[in-house]
Amino acid sequence: MVTRRVVAGYAAGSVGTGGFGVLPGLVLAYYLTDTLGVAAILASIVVVIPKAVDVVVNPLIGAISDRHAAATRSRTRLMWIGTGALVPTFILTFATPTGLGPAAAAVWVLFFFTAGALAYACFQVPYIALPAELTDGYNARTRLVSVRIAILALTILVVGAGAPAIRDVFGGGPGGYLVMAIAAAALIAAGMAAATAFAGTHGRARVAVNATPTRQRDAFTAFRDNARYRILVTVFVLQALASAVMLAGAQYLATYVLDDSGALTLLFVALVGPALLVMPVWVRVGVRYGKPAALIAASVLFGVAALGLAGAMFGSGPWIFALVALAGVGYAGMQTFPLAMLPDVIDEVSAARGRDQGGSLSGLWTAGETLGLALGPGAYLLVLAATGFVSSTNDEDRAQSDVAIAGIAGGFSLLPALLVAVSIVVFLRYERAPNR
């Protein structure tokens, strides 16, 4: 039985993961192209490289976390290191000196965003491993993760709406982004610290002291040999990529299609608000019909809504917010069920290997997720570059061609719909896959 204190502590971690996950995806591309004057094609490289590094580093962090858990019955050391290091690196990402040209500014952001991504991984990898250690219950894990996702949705709503508002209140431009980063870093660190203090110390260490050490390659071996793990990781990455594309496009859609940069707040309320209301419904659906069926239903809902948003290529209206809200209902389920199934797969792999694999498998999982979240803005920026989007400095909105406007709307809708459709096709093999 997981106590309410531990559930609340674990959920608090989503304040940190949600803040770091949503804010760079929401504003970093726009910061590069419309404040620093970085060309869209170069900006796409800057936002992708830091997270691509995670593909190599996160499994190593997971292996270190497993070794530490085996020796000390705790995963908190790396979580505290990540919490402390994230604050300065996150702030410096948005503290680009004003005298730098676009190319030098891109290098500055690349360096500090990479450092911030590594700090984030030190927290996120052991954090994702915790549900497998906090409870054995199949449905209890869904409930545990659902509370976390509810807090995640609330965080996305607060950060997604509040951070740009803080930026704008302080005049936008470099100064506004710096104040925004300081406020966000404080919130992110508070959530991470709460999770480390109240949940990180309560994971049940199921491995013996001096057990066979986990190796960095164990996660890649599991990805190769365990079909369920491979399918689940692939689906989660594709869906993270889809949501990241939509996230990156929201500011552009508000500014250039809805003709109101402030509409970004309403778009976020429409996307995340429904998730807070329907989470208990998704939990009941998962318990009654099973996690796999519930994930398919959520994915179809998100994909249909995204496809409908392609109409923004031809015109705008209140219907855009309604379809974004429908996508938000699907998004809530897409976040909940893969994370609720991951501990079940970790148990399968750990039993087959005879040693705990939670950190190692979570390391590759978070590497894939962060890569998907980075590739989303990168892919969206490539669409903008291909359709002739014109970058600017100091938040001066440039007139865009009709083709560029179509690219802004089409990238926001058609690309996420396609990615989710592919993820559904991949996931249909999950229940038929051998559980070893």
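The values are calculated or read from the model by the stated rules, or taken from the named source; none is laboratory data. Keep in mind that this is a model prediction, so the values were computed, not measured. Neighbour counts are summed over all protein chains in view; Cβ atoms, including those assigned to glycine, are modelled from backbone coordinates with ideal geometry.
Would it be correct to say that VAL287 is modelled with pLDDT under 90, among the β-branched types (Val, Ile, Thr) and over 19 Å from the mean Cα position of the chain (by Cα)?
yes
Restricted to region 409-436, and to residues that are polar (S, T, N, Q) and within 22 Å of the chain's Cα centre (by Cα), which residue is nearest to THR221 (Cα to Cα)? Steps first, answer last, please.
Taking region 409-436 as the starting set, the residues that turn out to be polar (S, T, N, Q) are 413, 423, 435.
Subsequent filtering for residues that are within 22 Å of the chain's Cα centre (by Cα) retains 413, 423.
Numbers: SER413: 35, SER423: 22 Å.
Going through the qualifying residues, I end up with SER423.
When residues of region 65-88 are filtered for being surrounded by fewer than 24 Cβ atoms within 10 Å (Cβ to Cβ) and under 18 Å from VAL349 (Cα atoms), how many remain?
2
Out of all the residues in region 409-421, is one or more in contact with a helix residue (DSSP H, G or I) (Cβ under 7 Å, 6 or more places away or on another chain) and farther than 24 Å from LEU28 by Cα?
Looking through region 409-421, at least one residue is in contact with a helix residue (DSSP H, G or I) (Cβ under 7 Å, 6 or more places away or on another chain) and farther than 24 Å from LEU28 by Cα.
Could you list all residues from region 279-291 that are of a type outside the set (Gly, Ala, Ser) and surrounded by fewer than 18 Cβ atoms within 10 Å (Cβ to Cβ)?
Kept after step one, since they are of a type outside the set (Gly, Ala, Ser), are these residues of region 279-291: 279-285, 287-289, 291.
The answer is PRO280, VAL281, ARG284, VAL287, ARG288, TYR289.
Would you confirm whether or not region 168-175 contains a residue that is assigned to a helix (DSSP H, G or I) and surrounded by 24 or more Cβ atoms within 10 Å (Cβ to Cβ)? Explain how you work it out, then say what you get.
The initial filter retains those residues of region 168-175 that are assigned to a helix (DSSP H, G or I), namely 168-169, 173-175.
Applying the additional criterion that residues be surrounded by 24 or more Cβ atoms within 10 Å (Cβ to Cβ) yields none.
Checked region 168-175: no residue is assigned to a helix (DSSP H, G or I) and surrounded by 24 or more Cβ atoms within 10 Å (Cβ to Cβ).
Report the residue count in region 89-133 for those that are among the aromatic types (Phe, Trp, Tyr), part of a helix (DSSP H, G or I), over 30 Å from GLU348 (Cα atoms) and in contact (Cβ under 8 Å) with a residue 60 or more places away in the chain.
So the answer is 2.
Looking at (1) at pLDDT 85 or above; (2) buried (at least 24 other Cβ atoms within 10 Å of the Cβ), find the lone condition where ILE149 falls short.
That leaves (1) as the condition not met.
If you check every pair at least six apart or on different chains, which have Cβ atoms under 6 Å apart with a residue in region 56-76 that is in contact (Cβ under 8 Å) with a residue 12 or more places away in the chain first and a residue that is surrounded by fewer than 22 Cβ atoms within 10 Å (Cβ to Cβ) and small (Gly, Ala, Ser) second?
As it stands, the answer is ALA69/ALA205; ALA70/ALA211; ARG73/ALA205, since those pairs meet every condition given.
Just to be sure, is TYR256 of a type in the set (Ser, Thr, Tyr), buried (at least 24 other Cβ atoms within 10 Å of the Cβ) and part of a helix (DSSP H, G or I)?
Details: of a type in the set (Ser, Thr, Tyr): yes; buried (at least 24 other Cβ atoms within 10 Å of the Cβ): no; part of a helix (DSSP H, G or I): yes.
No, not satisfied.
Of all residues in region 266-277, which are surrounded by fewer than 19 Cβ atoms within 10 Å (Cβ to Cβ) and either more than 22 Å from GLY18 (Cα to Cα) or β-branched (Val, Ile, Thr) (or both)?
Answer for region 266-277, where residues must be surrounded by fewer than 19 Cβ atoms within 10 Å (Cβ to Cβ) and either more than 22 Å from GLY18 (Cα to Cα) or β-branched (Val, Ile, Thr) (or both): just VAL269.
For region 33-44, give me each residue that is among the hydrophobic types (A, V, I, L, M, F, W, C), under 22 Å from the mean Cα position of the chain (by Cα) and either buried (at least 24 other Cβ atoms within 10 Å of the Cβ) or closer than 16 Å to THR370 by Cβ (or both).
Passing the criteria: only ALA43.
I'd like to verify a number: residues in region 226-247 that are surrounded by 24 or more Cβ atoms within 10 Å (Cβ to Cβ), within 18 Å of the chain's Cα centre (by Cα) and either over 26 Å from ALA340 (Cα atoms) or not aliphatic (A, V, I, L, M) (or both), how many?
Residues meeting the conditions: 3.
Considering (1) within 13 Å of the chain's Cα centre (by Cα); (2) modelled with pLDDT under 75; (3) small (Gly, Ala, Ser); (4) farther than 30 Å from ASP259 by Cα, say which one ALA374 fails and leave the rest.
Answer for ALA374: the failing condition is (4).
Let me confirm something: among GLY407, GLY317, which residue is in a loop (DSSP other than H, G, I, E, B) and closer than 25 Å to PRO164 by Cα?
GLY317
Quick check on this structure: which one of VAL125, VAL109 is in contact with a strand residue (DSSP E or B) (Cβ under 8 Å, 6 or more places away or on another chain), of a type in the set (A, V, I, L, M) and either at pLDDT 95 or above or surrounded by 21 or more Cβ atoms within 10 Å (Cβ to Cβ) (or both)?
Every option except VAL109 fails the conditions.
Just a yes or no: is a residue in region 292-303 surrounded by 24 or more Cβ atoms within 10 Å (Cβ to Cβ), in a helix (DSSP H, G or I), in contact (Cβ under 8 Å) with a residue 24 or more places away in the chain and of a type in the set (S, T, N, Q)?
Yes, region 292-303 has at least one match.
Which one of ALA43, ALA70 is more than 26 Å from GLY376 (Cα to Cα) and outside any loop (DSSP other than H, G, I, E, B)?
ALA70
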